[in-house]
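Asks: Questions regarding the structure given below will be posed in turn.
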Amino acid sequence: MLFNSYVFAAFFAVVFSLYWASKSSRRIQNAILLVASYVFYGWWDWRFLSLIVLSTAVDFAVGNALGTSTDAVKRKRLVTVSLLVNLGLLGVFKYFNFFADSFADMIGVFGLTADFATLNIVLPVGISFYTFQTLSYSIDVYRRRMDPCRDLLDFALFVGFFPQLVAGPIERASRLIPQITQPRSWQPDEAYAGVFLVIWGLFKKVVVADNLATIANAVFSDPQGHSGLNILIGALAFTMQIYGDFSGYSDIARGISKLFGFDLMVNFKLPYFARDPSDFWRRWHVSLSTWLRDYLYIGLGGNRGSNARTYRNLFLTMLLGGLWHGAAWNFVLWGVYHGLLLIAYRPIQGHVDAFCSKWYREAIAIAVFFVFTVFGWVLFRADSMEVIAGMVTNFSFAVSGQTLGWAWLLLYLSAPVVAVMVWQQKSENLLAPAYAPLFVRVPFFGYLAFMIVVEGSRMNSEFIYFQF
Amino acid sequence: MIVPGEKVQTQPRAGIATVLLSAIVVLAAANFAYASFLKSVTLNGGYRLAEKKWELLQDAPDDIDYLFVGDSSCNQGLDAAYFHELTGKRALNLCTIGNMAAIDDALMVSEFIGRYGAPPHIVVLHVDDVWPRDDESINSALHILPSSLQTNVFAQGGITPTLRNRVHYLINRHLPLYAENASLQTITRAPFSFRIPTSAHDTIDDFGFASVEGADEAGVRTDRTRRLRGVDEALSAPLSEANRRSVARLQQLSREHDAQLHFVMAPLEREFAQSEQLREFVEAVSAELLEAAPDADFRLFRPDLANFDAAEMESVDHVVGEAAQRFTEIVATGLTQ
């Protein structure tokens, strides 16, 4: 079930009504949300609900056992069980074929043949998101950063909460579980912010991302058939597409959650205004980057050792961060690229900070890093080295009718988003447009509604991050 | 630059209501304005043609001998004035577009009879791939019928609509801003080069014929491959329920008013006409049409009736230039013999 579908609109209307009609009982509300979450997920493929149930059962049991055990060895074993089950699910369903194929390719170089068959495994939607979410719970309980959740219904809702189940934000147990276990009341101001997030997210998804996808798909599927200028437009189109798609999803998820009385973490903080890679990862997919920081980078030693060790930790964290996105070499390459960017910027970070003391210099630093970001998206989106080579070596600047048409479309769809981003950055509040004076807000909301109706894609296309 | 966060602020309830209601008002106003715009400037050529044909019907001569109804292959294939010249019989071409299928034929014939009395001959001409079209595809064009027919369009068209049909129809009829006809997007996507489209296909003469020039041999070849695939797929259900009901209605009208109903095959590209798949399909659809309209004349419903070179066509069943006159001669001879 997609947020950008009529089915979801009807589903939401029913769940929302039942939920607030039951506001006298938190448990009934949670039960309604849990059933709704399983229906929402089962809409894709009900068989994969078993994976969520398995992950829920294992981590609930592990968490409770950790809560009663003081034996260090036993505790370590328990958290290992959680790691094995969750990473095992990911390994089998997401990475098995990738590693099997890659191994076969590798030994094929030496003239050997791998005599095993890969499995016809379908990737369950959102598996990387909910396994990381439950893992954070087990690890936090193991590290005694939080008490285990003693109520299976509450815990199951933490794992399966439908707005963020399939594409995040990857919530921390310490943030979400207390909200689940506390009574919720209708908060008009939060609900209004939620409505704004839903409308703004929908705009970014169906107007910006889905329409720019036509340009990006055309260029990335046949870079040789396009001029260098078209390729540049295609790369920029994908840059805006992936931002619109993923941040749009996060906004809708967070907006819907607010309408149910929940506050999920902010996942995007204007990433294209980042002036360096560290800044970028404080702004892009924040729930994943902080997860990787807290559970992987710091686990590896963080920046506590020598420079070489810090670089290694940065590199490994980003490599695995890239691989988290999908079982394909382009994601690995993208992770490596960002790891190298972090390593390259680290010695000059002080200089970058000093350089950015004036606003126009900071604008230059942002522009420079934006170029790096766009190149990163080329690595991310391209499905082969040939495509990457074809894109970066094409320097023909022929202008065709298609070039002008695409340039206009890119401008027409992206300029409003960039303008709002500037507005949000200047006011340092991502909700700024929702609180503008009425004479600004009324045309702004009218514009969003108009564009969603007129320009919104009717294709009900999936969100890019569902595949991760 | 500070990484921004989210700061929820307290808002007066009246302000929230104003904003949300205003967005709805803006949408409603834009929809109304766009609907008015579309009334004067229809950007979809097919719809524009159908509207013109319905206007022609309302202002038609009342002494018509042959009334042509059907789709665009007939619109640009049957020259009614030339037909008159050849046979001395007055003809009127009210053929529109394939997406309105036989529903439009039945509605037009019914309307014509109501206004002027029945013509002695009713000629129905559709390309093969119109006959299997179901309610779903036909439905998208029903909103362009004249307002007088809109009060109960499904019943008048003989359609049993699904909920989806009804929703689509209502959107097309009343919410042009959201309708599938994305003509507003044709403006926003190319605002500097946009011109109100004109097309020979909807430039009709006083008797409803559109003279189209410009053959497209390569297009015909591509179309042939596509259409042969379509013929194969349609073989199991060559006549949709919606078309069957409309054909039965045509049969009823012609019987009640003592008019002769004729079914005529569209002009076909030679190679396409000779294909075994098409012949099989025509046999299958003929049998079904005959069942729905047992009194009709099917002498001219044959793939070998009028075949043309690709150089005389713009698709496998749309003739251009002088080929339209030759097709008219063949039909005139066949009908009046």
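The values are calculated or read from the model by the stated rules, or taken from the named source; none is laboratory data. In this text the structure is predicted, and so the values were computed from the model without any measurement. All Cβ positions, glycine included, derive from the backbone under ideal geometry; neighbour counts span all protein chains shown.
Asks: Restricting to the range A:234-252, name every residue that is within 17 Å of residue A:202 (Cα to Cα) and either within 14 Å of chain B (Cβ to nearest Cβ) or aromatic (Phe, Trp, Tyr) (or both).
Replies: Of the residues in the range A:234-252, the ones within 17 Å of residue A:202 (Cα to Cα) are A:240-252.
A:243, A:246, A:247, A:249, A:250, A:251 - these are the residues of the range A:234-252 that are within 17 Å of residue A:202 (Cα to Cα) and either within 14 Å of chain B (Cβ to nearest Cβ) or aromatic (Phe, Trp, Tyr) (or both).
Asks: What is the number of the single condition among (1) without any contact (Cβ under 8 Å) to a residue 24 or more places away in the chain; (2) away from chain A (no Cβ under 14 Å) that residue B:26 does not meet?
Replies: (2)
Asks: If you don't mind, there's one more thing I want to ask. Given the structure, is residue B:26 surrounded by 16 or more Cβ atoms within 10 Å (Cβ to Cβ), of a type in the set (Val, Ile, Thr) and not in a helix (DSSP H, G or I)?
Replies: In short, no.
Asks: If you don't mind, there's one more thing I want to ask. Here are some conditions: (1) surrounded by 16 or more Cβ atoms within 10 Å (Cβ to Cβ); (2) free of Cβ contacts under 8 Å to residues at least 60 places away in the same chain. Residue A:366 meets all but one. Which one does it not meet?
Replies: Unmet for residue A:366, out of (1) surrounded by 16 or more Cβ atoms within 10 Å (Cβ to Cβ); (2) free of Cβ contacts under 8 Å to residues at least 60 places away in the same chain: (2).
Asks: Go through the range B:207-224 and count every residue that is in a helix (DSSP H, G or I) and either closer than 24 Å to residue B:78 by Cβ or under 18 Å from the mean Cα position of the chain (by Cα) (or both).
Replies: Selection size over the range B:207-224: 5.
Asks: Looking at this structure, is residue A:379 crowded, with 18+ Cβ neighbours inside 10 Å, under 24 Å from the mean Cα position of the chain (by Cα) and within 27 Å of residue B:4 (Cβ to Cβ)?
Replies: Criteria not met by residue A:379.
Asks: Suppose the filter is closer than 21 Å to residue B:106 by Cβ and modelled with pLDDT of 95 or more; does residue B:268 pass it? Steps first, please.
Replies: Working: closer than 21 Å to residue B:106 by Cβ: no; modelled with pLDDT of 95 or more: yes.
Taking the combined requirement at face value, the residue does not satisfy it.
Asks: While we're here: Is it fair to say residue A:272 is farther than 24 Å from residue A:145 by Cβ, touching a residue at least 24 places away in the same chain (Cβ under 8 Å) and either in a helix (DSSP H, G or I) or of a type in the set (A, V, I, L, M) (or both)?
Replies: yes
So that you can scan it fast, the table gives a plain yes or no per residue for (1) among the polar types (S, T, N, Q); (2) over 24 Å from residue B:317 (Cα atoms); (3) not in a helix (DSSP H, G or I):
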residue	(1), (2), (3)
B:61	no, yes, yes
B:74	no, no, no
B:78	no, no, yes
B:86	no, no, no
B:95	no, no, yes
B:104	no, no, no
B:112	no, yes, no
B:115	no, yes, no
B:133	no, no, yes
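Asks: Out of all the residues in the range A:21-33, is one or more in contact (Cβ under 8 Å) with a residue 40 or more places away in the chain and not in a helix (DSSP H, G or I)?
Replies: Looking through the range A:21-33, at least one residue is in contact (Cβ under 8 Å) with a residue 40 or more places away in the chain and not in a helix (DSSP H, G or I).
Asks: Quick check: is even one residue across the range B:186-208 surrounded by 16 or more Cβ atoms within 10 Å (Cβ to Cβ), modelled with pLDDT of 80 or more and touching a Cys at 6+ places or on another chain (Cβ under 9 Å)?
Replies: yes
Asks: Taking the range A:303-329, which residues are among the polar types (S, T, N, Q) and out of contact with any Ser or Thr (no Cβ under 8 Å at 6 or more places or on another chain)?
Replies: If the condition is that a residue be among the polar types (S, T, N, Q) and out of contact with any Ser or Thr (no Cβ under 8 Å at 6 or more places or on another chain), then A:306, A:307, A:310, A:313, A:317 are the ones that fit.
Asks: Sticking with this one: crowded, with 18+ Cβ neighbours inside 10 Å, touching a Ser or Thr at 6+ places or on another chain (Cβ under 6 Å), of a type in the set (Asp, Glu) and under 19 Å from residue B:156 (Cα atoms), is that true of residue B:79?
Replies: Working: crowded, with 18+ Cβ neighbours inside 10 Å: yes; touching a Ser or Thr at 6+ places or on another chain (Cβ under 6 Å): yes; of a type in the set (Asp, Glu): yes; under 19 Å from residue B:156 (Cα atoms): no.
When the stated conditions are applied, residue B:79 does not pass them.
Asks: Between a first residue in the range A:187-204 that is at the interface with chain B (Cβ under 9 Å from one of its Cβ atoms) and within 15 Å of residue B:11 (Cβ to Cβ) and a second residue that is polar (S, T, N, Q) and not in a helix (DSSP H, G or I), which pairs have beta carbons less than 8 Å apart while being 6 or more apart in sequence or on different chains?
Replies: Final answer for the pair search is A:188/B:11; A:189/B:9; A:189/B:10; A:189/B:11; A:192/B:11.
Asks: For the range A:444-462, indicate whether the set of residues that are assigned to a loop (DSSP other than H, G, I, E, B), among the basic types (Lys, Arg) and either within 14 Å of chain B (Cβ to nearest Cβ) or under 23 Å from the mean Cα position of the chain (by Cα) (or both) is non-empty.
Replies: yes
Asks: Could I ask something else about it? Suppose we filter B:20, B:38, B:43 for residues that are at pLDDT below 90, within 14 Å of another protein chain (Cβ to nearest Cβ) and within 29 Å of residue B:128 (Cβ to Cβ); which single one remains?
Replies: Working: B:20 fails: within 29 Å of residue B:128 (Cβ to Cβ); B:38 fails: within 29 Å of residue B:128 (Cβ to Cβ).
Criteria check complete, one pass: B:43.
Asks: Within the range A:209-227, take every residue that is within 13 Å of residue A:387 (Cα to Cα) and surrounded by 15 or more Cβ atoms within 10 Å (Cβ to Cβ) and give me the one that is farthest from the chain's Cα centre (by Cα).
Replies: Step one: of the range A:209-227, the residues within 13 Å of residue A:387 (Cα to Cα) are A:216-226.
Imposing the further condition that a residue be surrounded by 15 or more Cβ atoms within 10 Å (Cβ to Cβ) reduces the set to A:216-220, A:223, A:226.
Details: A:216: 19, A:217: 20, A:218: 24, A:219: 24, A:220: 22, A:223: 27, A:226: 30 Å.
Only one residue fits best here, namely A:226.
Asks: Being part of a helix (DSSP H, G or I) and either facing chain B (nearest Cβ under 10 Å) or within 21 Å of the chain's Cα centre (by Cα) (or both) is the filter here; which residues of the range A:416-439 pass it?
Replies: Of everything in the range A:416-439, those that are part of a helix (DSSP H, G or I) and either facing chain B (nearest Cβ under 10 Å) or within 21 Å of the chain's Cα centre (by Cα) (or both) turn out to be A:417, A:418, A:420, A:421, A:424, A:425, A:426, A:427, A:432, A:434, A:435, A:438.
Asks: Any chance the range A:58-69 includes a residue that's surrounded by fewer than 17 Cβ atoms within 10 Å (Cβ to Cβ) and among the charged types (D, E, K, R)?
Replies: No, the range A:58-69 contains no residue that is surrounded by fewer than 17 Cβ atoms within 10 Å (Cβ to Cβ) and among the charged types (D, E, K, R).
Asks: Condition first: surrounded by fewer than 17 Cβ atoms within 10 Å (Cβ to Cβ) and small (Gly, Ala, Ser). Now tell me which residues in the range A:140-190 satisfy that.
Replies: Selection gives A:174, A:185.
Asks: Do the conditions hold for residue B:58, that is, is it surrounded by fewer than 18 Cβ atoms within 10 Å (Cβ to Cβ), over 18 Å from residue B:251 (Cα atoms) and of a type outside the set (Val, Ile, Thr)? Write out each step before concluding.
Replies: Values: surrounded by fewer than 18 Cβ atoms within 10 Å (Cβ to Cβ): yes; over 18 Å from residue B:251 (Cα atoms): yes; of a type outside the set (Val, Ile, Thr): yes.
So residue B:58 passes the test.
Asks: Restricting to the range A:255-266, name every residue that is part of a loop (DSSP other than H, G, I, E, B) and more than 11 Å from chain B (Cβ to nearest Cβ).
Replies: Residues satisfying the conditions are A:260, A:261, A:262.
Asks: Kindly indicate whether residue A:330 is over 30 Å from residue A:19 (Cα atoms) and either free of Cβ contacts under 8 Å to residues at least 40 places away in the same chain or surrounded by fewer than 19 Cβ atoms within 10 Å (Cβ to Cβ) (or both).
Replies: Numbers: over 30 Å from residue A:19 (Cα atoms): yes; either free of Cβ contacts under 8 Å to residues at least 40 places away in the same chain or surrounded by fewer than 19 Cβ atoms within 10 Å (Cβ to Cβ) (or both): no.
Answer is no for this residue.
Asks: Same structure again: When the residues of the range A:377-412 are narrowed to those that are among the β-branched types (Val, Ile, Thr) and free of Cβ contacts under 8 Å to residues at least 60 places away in the same chain, which ends up nearest to residue A:328 (Cα to Cα)?
Replies: A:388
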